[in-house]
Amino acid sequence: MALRYVLVLLAVSVFINYIDRGNLSIAAPMLKDELGMTGSQLGILLSAFFWTYGFAQILSGWLVDRFSVSWIMAIGFFLWSVATGVTGLVHGFTSLLIVRLVLGVGESVAYPSYSKIMAKYFPASQRASANSVIASGLACGPAFGMLAGGILMSRFGWRSFFVVLSLASLLWLLPWFRWMPRGPGLAPLSQAHGQPTALQILKKRSAWGTFLGLFCNAYSLYFLIAWLPYYLVRERHFSMDAMAKIGGAVFLIQAVCSIVCGRLGDRWIALGASRTRVHMTFMTVGLLGNAGFLLLSAVAPPGLVIVMLLLTGASCGLTMASTWPITQTVAGPAASGRWTGLQCAFGNSSGALASALTGFILDRTGQFFWAFAAAAGFYVLGVFTWICLVSPVEPIIWTQKGVEHLGEAGVESA
């Protein structure tokens with residue numbers, strides 16, 4: 001029962017996490033006018049979060065493998081919640097840039113902590129479902145942020161939204177201190193198994209496959225989080241209220257599909273399918289669907305663009321259901337924190353690229369078509385990355401002398 005509470009709290013934390021990192025993009029139309037910024041300046045500001053978020057993942061991965069993951073999670077959560085509140089109080093481009101950099105440091109603890117907790121405390125047979133619950137929180141964050149945030153900002157201003165959100169978020173720490181996971185977990189390390197160094201992880205082909213795969217997946221996700229509100233309001237001429245409803249629906253469908261696919265994945269594996277077959281099927285279908293629907297979203301007429309964006313969200317749910325179960329299966333409890341830190345450091349750098357590059361494309365062309373085309377291209381590249389570099393999805397047993405790769409028959413015993 002305690003693990004259920006932990007899972008709910010982790011889902012709520014990632015829900016808050018993605019509201020906090022995406023709320024500036026929701027305020028972008030108002031912020032751009034208030035500060036008189038160019039598209040390039042806005043792109044830099046939106047990308048600033050990822051500059052520190054990516055690099056700090058490496059340190060966060062090391063920390064959660066060395067110290068109490070529950071306390072590292074709490075400290076990071078406190079830091080990013082405070083940074084969110086301060087955002088609503090400062091004025092000027094430079095001060096906003098600094099606060100976004102601090103936000104990136106705080107949020108960097110999240111995914112290494114999630115992976116460490118999943119690999120250490122949750123059985124492998126439940127991992128896809130558990131990860132899909134967290135992924136649903138990821139999608140519901142932007143959904144709520146765009147729906148409620150867009151409506152509230154249009155009525156009360158963006159600054160008050162940031163401050164109130166920060167104060168409400170800090171309440172999460174109270175139940176976390178009550179139910180946060182403690183103890184050695186399901187898979188304590190024996191003396192025969194060591195914690196691999198970063199160099200050992202970097203020598204693995206599958207590690208680089210997950211790094212590049214996350215980069216391709218995350219580019220388009222962050223493109224939507226950062227620029228979808230601005231695209232809908234300024235290029236498609238929707239009102240702030242309409243933008244909020246459309247953007248919220250896109251990410252809500254993503255959340256539902258993630259949960260459904262996570263449960264289907266665990267059930268499919270229980271019926272005898274290999275983890276490789278299940279996860280690569282979801283990943284391939286989801287990525288190709290994302291590429292096609294996203295590209296169509298850039299050229300579809302106003303009524304149809306909403307349908308294409310909703311289908312994009314559904315396809316994204318398929319990929320989210322498998323991304324982290326793949327990493328946690330291959331890395332195992334001994335390396336999940338550090339591996340995830342390295343993976344996020346590399347993969348989430350695409351958020352900075354997507355945010356900034358889109359701003360420059362917008363300044364140069366005056367429209368979003370080539371920005372959508374670039375995002376679709378990364379999805380297609382991701383298909384080849386996951387299949388050619390990561391597959392098969394098999395666990396690694398880390399030893400003091402080296403590594404041994406097991407077949408799928410060893411997944412449960414590993």
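Residues that are assigned to a loop (DSSP other than H, G, I, E, B) and open to solvent by 80 Å² or more (accessible area, probe 1.4 Å) were ranked within region 173-191; the one that is modelled with the lowest pLDDT is GLN191.
Checked against (1) modelled with pLDDT of 80 or more; (2) over 17 Å from the mean Cα position of the chain (by Cα); (3) of a type outside the set (A, V, I, L, M); (4) crowded, with 24+ Cβ neighbours inside 10 Å, GLY150 passes all but a single condition, namely (1). Restricting attention to region 29-60, which residues are closer than 19 Å to GLY85 by Cβ, out of contact with any Ser or Thr (no Cβ under 6 Å at 6 or more places or on another chain) and open to solvent by less than 60 Å² (accessible area, probe 1.4 Å)? MET30, LEU31, LEU45, ALA48, PHE49, THR52 - these are the residues of region 29-60 that are closer than 19 Å to GLY85 by Cβ, out of contact with any Ser or Thr (no Cβ under 6 Å at 6 or more places or on another chain) and open to solvent by less than 60 Å² (accessible area, probe 1.4 Å). Summed over region 302-333, the residues that are among the β-branched types (Val, Ile, Thr) and within 19 Å of ALA124 (Cβ to Cβ) give a count of 5. Of all positions in region 100-123, none carries a residue that is over 20 Å from the mean Cα position of the chain (by Cα) and either under 18 Å from ALA28 (Cβ atoms) or among the small types (Gly, Ala, Ser) (or both). Checking each residue of region 108-115 against the condition of being farther than 26 Å from ILE326 by Cβ, of a type in the set (Ser, Thr, Tyr) and at pLDDT below 90 gives no match. Set side by side, the residues ILE259, ILE246 differ, and just one is under 16 Å from the mean Cα position of the chain (by Cα) and either under 16 Å from TYR379 (Cβ atoms) or in contact (Cβ under 8 Å) with a residue 12 or more places away in the chain (or both), which is ILE259.
Looking only at region 248-281, which residues are more than 30 Å from ALA148 (Cβ to Cβ), in a helix (DSSP H, G or I), of a type outside the set (Gly, Ala, Ser) and open to solvent by 10 Å² or more (accessible area, probe 1.4 Å)? Listed by number, the residues that qualify are ASP266, ARG267, TRP268, ILE269, ARG275, THR276, ARG277, MET280, THR281.
The single condition among (1) over 18 Å from ALA128 (Cα atoms); (2) of a type in the set (A, V, I, L, M, F, W, C); (3) open to solvent by 10 Å² or more (accessible area, probe 1.4 Å) that PHE372 does not satisfy is (3).
Annotation: of all residues in region 282-307 being without any contact (Cβ under 8 Å) to a residue 24 or more places away in the chain and not β-branched (Val, Ile, Thr), the one that is least open to solvent (accessible area, probe 1.4 Å) is ALA300.
Report yes if some residue within region 172-186 is under 29 Å from PHE78 (Cβ atoms) and charged (D, E, K, R); otherwise report no. Yes, there is a match, as at least one residue in region 172-186 is under 29 Å from PHE78 (Cβ atoms) and charged (D, E, K, R).
Residues that are closer than 21 Å to ARG234 by Cβ, in contact (Cβ under 8 Å) with a residue 12 or more places away in the chain and either open to solvent by 20 Å² or more (accessible area, probe 1.4 Å) or of a type in the set (Phe, Trp, Tyr) (or both) do not occur anywhere in region 314-329. Residue pairs whose Cβ atoms lie under 7 Å apart, sitting 6 or more positions apart in sequence or on different chains, and linking a residue in region 151-162 that is touching a residue at least 60 places away in the same chain (Cβ under 8 Å) to a partner that is small (Gly, Ala, Ser) and in a helix (DSSP H, G or I), are ILE151/ALA244; PHE161/GLY149; PHE162/GLY85. Here SER160 clears all of (1) within 30 Å of ALA2 (Cβ to Cβ); (2) hydroxyl-bearing (Ser, Thr, Tyr); (3) surrounded by fewer than 19 Cβ atoms within 10 Å (Cβ to Cβ) except the condition numbered (1).
The values are calculated or read from the model by the stated rules, or taken from the named source; none is laboratory data. Note that the structure is a prediction, hence the values are computed from the model and not measured. Cβ coordinates were reconstructed from backbone atoms using ideal geometry, including for glycine residues, and neighbour counts include every protein chain displayed. Calculation scope for accessible area: heavy atoms of the full protein, side chains included, ligands and nucleic acids excluded. Shrake-Rupley method; radii C 1.70, N 1.55, O 1.52, S 1.80 Å.
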